[in-house]
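Here the structure comes first, spelled out in structure tokens, and everything after it is commentary.
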Amino acid sequence: MNTLYLKADESVSKYVILSGDPWRVELLAGMLDDPQHVAFAREFNTYNGTYRGVPVTISSTGIGGPSAAIAMEELYECGMEVAVRMGTVMALSSDLLGKFLIPVASMREEGTTAAYAPPGYPAVADTELLLHMNAAVAAAGGEYVNGLNCTVDAFYTQMKESRLSRQRGSDLAAGFDRLRALGVAGLDMESSCVLTLGRLMGIRAVVVTVATVLEGLSGALEGQARKDAEALLCRVALDGIHRFAQKDA
């Protein structure tokens, strides 16, 4: 039995949306026409359904590269051909707060993809799928940036200070400055895994994120603004898949 409690011969849609947060999957499922709950095991919450006539599977990955890779592997076993990671991102520029970051590529500063590919192997989004996601954001009245993302493993010490990082003298600001100098727009903990494995699997993969916090949690969307941003994120991911599916057909 696999981790997601999916069977190798069980049908999932070729179109899959991956959400880090298992509870955001419930929000997504509420936007489907006929959601059918497949399983909820550990951090993996999975639904099948349709959106405007397009079959869609939604599954959560939890936090970080290892669990994202598990989700990718097992959904690929079941027939996934298009993977859309949707989630939140930490912006490295205050003018990005509340905007979408749909990265063309991601820096692989996590450890998971080292088990799959050598250091020079790029984590790159599918261009056609990315353009459809851009169009979905624009149609919804949002703003997007097609920049670079960086994926890391350690939320504390790499994205936010902690008691331990202060005791050890970790220089969080220097890390942010280094990434900004390389043209990186935001940090997260899953994107490079989804893009790398998608490329190795020969499937279409893209990342659609909304900036809900600033570096080191120095600023954030809160209250209704945060809820509205996440609802729009869900709608954009579904609309982007619908747009792509029409072209795909």
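Tabulated values for the structure
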| item | result |
| --- | --- |
| Residue 208, sole failed condition from (1) touching a Gly at 6+ places or on another chain (Cβ under 6 Å); (2) surrounded by 19 or more Cβ atoms within 10 Å (Cβ to Cβ) | (1) |
| Only one of 121, 76 that is more than 16 Å from the chain's Cα centre (by Cα), in a loop (DSSP other than H, G, I, E, B) and not charged (D, E, K, R) | 121 |
| Scan of the range 83-97 for residues that are open to solvent by 20 Å² or more (accessible area, probe 1.4 Å) and within 16 Å of the chain's Cα centre (by Cα), ordered by number | 88 |
| Residue count for the range 102-137, restricted to those that are open to solvent by 10 Å² or more (accessible area, probe 1.4 Å), over 25 Å from residue 154 (Cβ atoms) and in contact (Cβ under 8 Å) with a residue 40 or more places away in the chain | 5 |
| Helices (runs of 4 or more DSSP H) enclosed by the range 147-249 - at least 1 residues per element that are in contact with a helix residue (DSSP H, G or I) (Cβ under 7 Å, 6 or more places away or on another chain) and modelled with pLDDT under 95 | 155-158, 163-167, 172-181, 223-248 |
| Failed item, numbered, when residue 55 is tested on (1) buried (at least 20 other Cβ atoms within 10 Å of the Cβ); (2) modelled with pLDDT of 95 or more | (1) |
| Residues that are within 30 Å of residue 243 (Cβ to Cβ) and in contact (Cβ under 8 Å) with a residue 12 or more places away in the chain, drawn from the range 138-168 | 139, 140, 142, 143, 144, 145, 146, 147, 148, 149, 150, 151 |
| Check on residue 171, over 21 Å from residue 225 (Cα atoms), touching a residue at least 60 places away in the same chain (Cβ under 8 Å), open to solvent by 20 Å² or more (accessible area, probe 1.4 Å) and charged (D, E, K, R) | no |
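The values are calculated or read from the model by the stated rules, or taken from the named source; none is laboratory data. Worth saying up front: this structure is predicted, and the values here are computed from it rather than measured. Every residue, glycine among them, receives a Cβ derived from its backbone with ideal geometry; neighbour counts consider all protein chains shown. Quick note on the areas: whole protein, heavy atoms, side chains included, nothing else; ligands and nucleic acids left out. Shrake-Rupley method; radii C 1.70, N 1.55, O 1.52, S 1.80 Å.
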